[in-house]
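Novice: I have a structure here, written as structure tokens, and I will follow up with some questions on it.
The values are calculated or read from the model by the stated rules, or taken from the named source; none is laboratory data. Everything quoted here is computed from the prediction, not taken from an experiment. We place every Cβ from the backbone using ideal geometry, glycine too, and count neighbours over all the protein chains shown.
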């Protein structure tokens, strides 16, 4: 009944499989974890000496390096020896549940031996996604605030080269408008040309003249004359109606043309604003100085913290959408029918990570991260992290947060406070208006982020005391730099407050500092004249290009309108003349009628009924 | 040539030393693999059964190929049948829920309509196909084989080099 060779074959196969697992599982597991983690991180993830023991499903490694995707020369963080156990039974259902993970010797921002860049990286979120939109919004706001190099003010602002590149749209628009109006006014000239109506008026005039009241001798001629006069009056009334309505239409059209011509001024304003934005002339209002000085640095901070939220949301969505509802599955795929899962386990669950290590500035840290899980709803727990500094002298760091995906609206909270750190040679900002670094001082940083669905409330504050700024470069011949140096030499505190708040469609980003007023006053004193001159130059340039075109269209409208109006007046006058002739003739007729009534009796009136 | 080779193998199997029961068992096990999605847990078990038990492997391969074609055609029927079993028969829901909560059973993907529909269909027709195949082998060996041997196509097949090569290889294997 049994096939001996078959049983031996299966035993041999199983043996080879186990041997292969024994020799190759470590390498396979190491490269699998590295590949998966790299795709999550966006830069290299390297594990040294991974060891997997099938007994107890124990995994350990000596070192794990996670490169920083923003600067791949450094690690985002790295760990020392790490050990943890996998749960066995969930593995039979294809689920990975990690028990307590103890990570020691965590270091942040450590230098790497090799570049941590990887070739392919799948961006974790789409452009439409809220967090990336929020980051882009802050980035654009910081970039759109015109920054400038104080050195550029040593020479005059180079407005000429900008204007050469500037595409002025108003003349083109005026030209199109000119053609349209030329044609329309031409049509009106044809419609209200006196020659068109002259023949009709002359005919009526001839008719009136041909009526000889003296020829009326009897009731019959009286009646025929009366009929002629009535016809003439009807013709004149028809003529009047036609001419009046045409003139009324013309007046309406002319007022709309005149209104449109006035919109040329709006086009000029648009061109002017475009020129200003291209020139990136700094707006020295107090509201903009903070953004100008610290906008880019603050945005970098937002990118870091919101980047974590972005990744968390991406993987939450990716893992929580694993219940397809297919009605007509493709062949051989079928439809999975879900049943109640009494021992529901998520696809991935890292129950607890105990962290210990130190920052690049040798600040000892210790912390706990709990419940990193593919679907929080299954375990009904949020992901929490809490990291604090140990004895670090005056320095004190506390980072805590909650990623809550239990309800349909994702919610994240991150709080960070870091106080008592020194600012010796601290890089301040890339803004050309500021010195590269603070030579000495003490700093404190606090940040609070709260996201709920498509709403964000966040504040960041940086304060520094006993500050001594380094000097700006190239200050010998530069008035602006000298002023800035003078101003900063009197400043010994620095406070920066940033906030990014609002909903997806209505975000507000602001950066303020205690230097705003000081800088604004100092810069205005020096730069206002220069800026005013640059603006005036742009205005004059636009004026020289646009004014002739504007004058041309105004001339067309005025001249043509005057011509058409003159013709209309002439028609009206001629009409009035003929009307008077008719009235005179009518009066003569009435006299004659009365005379005949007197001669022949009142019975003659019956003729006109 | 592959078709002829397969046909030759089939005829050879029908008159081989294996019992009709072994041939029929190989056939129905191959049929299950052919009718159900190949990469399933139950198919791994069936492959082990084919290797461990003394059933006819050639017949299992032949049945697998034959019924894979049927599976493609019958897929919508299996889907509907599986849906009926999993959803419409409410009295079985408790059983399914229990099975669903047993880790190793969950790996079998029994809650997939095509997997369950095709597997239950295969199991239902297994006894019928087994007896039909077994009887067919008996009838073939007693009555049909002399007639089949006289067929021109069989004679030309036996005369072919491929068949000669096959016989040699078979003899080495035996």
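Table: residues versus (1) part of a loop (DSSP other than H, G, I, E, B); (2) at pLDDT below 80.
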{"position": "A:60", "(1), (2)": "no, no"}
{"position": "A:90", "(1), (2)": "no, yes"}
{"position": "A:115", "(1), (2)": "yes, no"}
{"position": "A:125", "(1), (2)": "yes, yes"}
{"position": "A:138", "(1), (2)": "no, no"}
{"position": "A:141", "(1), (2)": "no, yes"}
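Novice: Hey, does the range A:71-87 have a residue that's within 30 Å of residue B:108 (Cα to Cα) and touching a helix residue (DSSP H, G or I) at 6+ places or on another chain (Cβ under 7 Å)?
Specialist: So far as the range A:71-87 goes, no, none of its residues is within 30 Å of residue B:108 (Cα to Cα) and touching a helix residue (DSSP H, G or I) at 6+ places or on another chain (Cβ under 7 Å).
Novice: Considering each residue of the range A:293-345, count those that are assigned to a loop (DSSP other than H, G, I, E, B), at pLDDT 75 or above and away from chain B (no Cβ under 14 Å), and give that number.
Specialist: 0
Novice: Looking only at the range A:13-53, which residues are touching a helix residue (DSSP H, G or I) at 6+ places or on another chain (Cβ under 7 Å) and closer than 27 Å to residue B:48 by Cβ?
Specialist: A:52 - this is the single residue of the range A:13-53 that is touching a helix residue (DSSP H, G or I) at 6+ places or on another chain (Cβ under 7 Å) and closer than 27 Å to residue B:48 by Cβ.
Novice: Here is a list of conditions, (1) away from every other protein chain (no Cβ under 14 Å); (2) touching a strand residue (DSSP E or B) at 6+ places or on another chain (Cβ under 9 Å), and residue A:15 meets all of them except one; can you say which number that is?
Specialist: Only one criterion in (1) away from every other protein chain (no Cβ under 14 Å); (2) touching a strand residue (DSSP E or B) at 6+ places or on another chain (Cβ under 9 Å) is unmet by residue A:15, namely (2).
Novice: Please enumerate the residues belonging to the range B:28-56 that are within 19 Å of residue B:74 (Cα to Cα) and at pLDDT 90 or above.
Specialist: B:28, B:29, B:30, B:31, B:32, B:33, B:34, B:35, B:36, B:37, B:43
For every residue, the table says whether it meets (1) closer than 25 Å to residue A:97 by Cβ; (2) assigned to a helix (DSSP H, G or I); (3) touching a residue at least 60 places away in the same chain (Cβ under 8 Å); (4) within 14 Å of chain B (Cβ to nearest Cβ).
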residue	(1), (2), (3), (4)
A:7	no, yes, no, yes
A:31	yes, yes, no, no
A:67	no, no, no, no
A:83	yes, no, no, no
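One line per residue, one yes/no per condition, for (1) under 27 Å from residue A:341 (Cβ atoms); (2) loosely packed, with under 15 Cβ neighbours inside 10 Å; (3) at pLDDT below 90:
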site	(1), (2), (3)
B:85	yes, no, no
B:97	yes, yes, yes
B:101	yes, no, yes
B:124	no, yes, no
B:127	no, yes, no
B:143	no, yes, yes
B:153	no, yes, yes
B:164	no, yes, yes
B:168	no, yes, yes
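Novice: Continuing with the same structure: Output the residues belonging to the range B:99-117 that are closer than 23 Å to residue B:25 by Cβ and more than 9 Å from every other protein chain (Cβ to nearest Cβ).
Specialist: B:108 - this is the single residue of the range B:99-117 that is closer than 23 Å to residue B:25 by Cβ and more than 9 Å from every other protein chain (Cβ to nearest Cβ).
Novice: Continuing with this model, one more query. Is there a residue in the range A:46-55 that is within 46 Å of the chain's Cα centre (by Cα) and surrounded by 14 or more Cβ atoms within 10 Å (Cβ to Cβ)? Steps first, please.
Specialist: Just the residues of the range A:46-55 that are within 46 Å of the chain's Cα centre (by Cα), to begin with: A:46-48.
Now narrow it down to the ones that are surrounded by 14 or more Cβ atoms within 10 Å (Cβ to Cβ): A:46-47.
Yes: the range A:46-55 contains one or more residues that are within 46 Å of the chain's Cα centre (by Cα) and surrounded by 14 or more Cβ atoms within 10 Å (Cβ to Cβ).
Novice: Looking at the range B:90-98, is at least one residue facing another protein chain (nearest Cβ under 7 Å), closer than 29 Å to residue A:88 by Cα and touching a helix residue (DSSP H, G or I) at 6+ places or on another chain (Cβ under 8 Å)?
Specialist: yes
Novice: At pLDDT 85 or above, part of a helix (DSSP H, G or I), crowded, with 16+ Cβ neighbours inside 10 Å and out of contact with any strand residue (DSSP E or B) (no Cβ under 7 Å at 6 or more places or on another chain): is that true of residue A:221 in this structure? Show your work before the answer.
Specialist: Numbers: at pLDDT 85 or above: yes; part of a helix (DSSP H, G or I): yes; crowded, with 16+ Cβ neighbours inside 10 Å: no; out of contact with any strand residue (DSSP E or B) (no Cβ under 7 Å at 6 or more places or on another chain): yes.
Judged against the criteria, residue A:221 is not a match.
Novice: If the requirement is being within 30 Å of residue A:136 (Cα to Cα), at pLDDT 75 or above and surrounded by 16 or more Cβ atoms within 10 Å (Cβ to Cβ), which of these qualifies: A:523, A:531, A:494? It would help to see each step written out before you state the result.
Specialist: Numbers: A:523 fails: at pLDDT 75 or above; A:531 fails: at pLDDT 75 or above.
None of the others qualify; the one that does is A:494.
Novice: How many residues does the range B:75-88 contain that are under 20 Å from the mean Cα position of the chain (by Cα) and more than 10 Å from chain A (Cβ to nearest Cβ)?
Specialist: Residues flagged as under 20 Å from the mean Cα position of the chain (by Cα) and more than 10 Å from chain A (Cβ to nearest Cβ) within the range B:75-88 amount to 1.
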